[in-house]
1. If you check every pair at least six apart or on different chains, which have Cβ atoms under 9 Å apart with a residue in region 46-62 that is under 17 Å from G90 (Cβ atoms) and basic (K, R) first and a residue that is at pLDDT 55 or above and surrounded by 12 or more Cβ atoms within 10 Å (Cβ to Cβ) second?
2. When the residues of region 31-55 are filtered to those that are at pLDDT below 70 and in a loop (DSSP other than H, G, I, E, B), which remaining residue is farthest from T68 (Cα to Cα)?
3. Any residue at all in region 96-107 that's part of a loop (DSSP other than H, G, I, E, B) and either at pLDDT below 85 or of a type in the set (S, T, N, Q) (or both)?
4. Against the condition modelled with pLDDT of 85 or more and either surrounded by 10 or more Cβ atoms within 10 Å (Cβ to Cβ) or in a loop (DSSP other than H, G, I, E, B) (or both), how does R16 come out, does it pass?
Amino acid sequence: MFVSRVPQGPPGPRARTGTRRDALRALCASALALAVVPVVAAVWPRREAGDEVSSFDETYRGRRLRGTKTGAGADHRDHLAHVLRAPGDGRWHVTVDGRPLHLMRRADGTYLSMVDHYRSYPTPLEAARAAVDELGPGRRLTVAGGGGGGRGVHA
């Protein structure tokens, strides 16, 4: 049998002090974290609505993607849409190889394309890239009256 030189006795008040001390440390650490989190959140860089680019022009998988953001004004006949539009919000004119790709803006600020209207994308550029991916290498956007059967823009 192994005998220890350290006396083992029943836990006294000193043993309880250790658990109180640990609880106090945990409480102080939590309070410090609660004090630091708002400061870190305030200085953390975030994307503002004004950070969005107003145009793009790139080649993606051999396709020419162009997009420009038009002015914030809606059609002058549609006064309600103009009133409800957020300040600085404009419409995008996006083309893939010179053919228009119609985008819709969702209420959460993301975009849907007419090629893939089941998924939304954070930017018009990402929606255009996804449309190119969906079209594949052999297909192009068709325009109404230009071989699309008169039914608008289709993949």
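1. none
2. The residue in question is W44.
3. no
4. no
The values are calculated or read from the model by the stated rules, or taken from the named source; none is laboratory data. For clarity, every value in this text was computed on a predicted model and none was experimentally measured. Methodologically, a virtual Cβ is constructed for each residue, glycine included, from the backbone with ideal geometry; neighbour enumeration extends over all protein chains shown.
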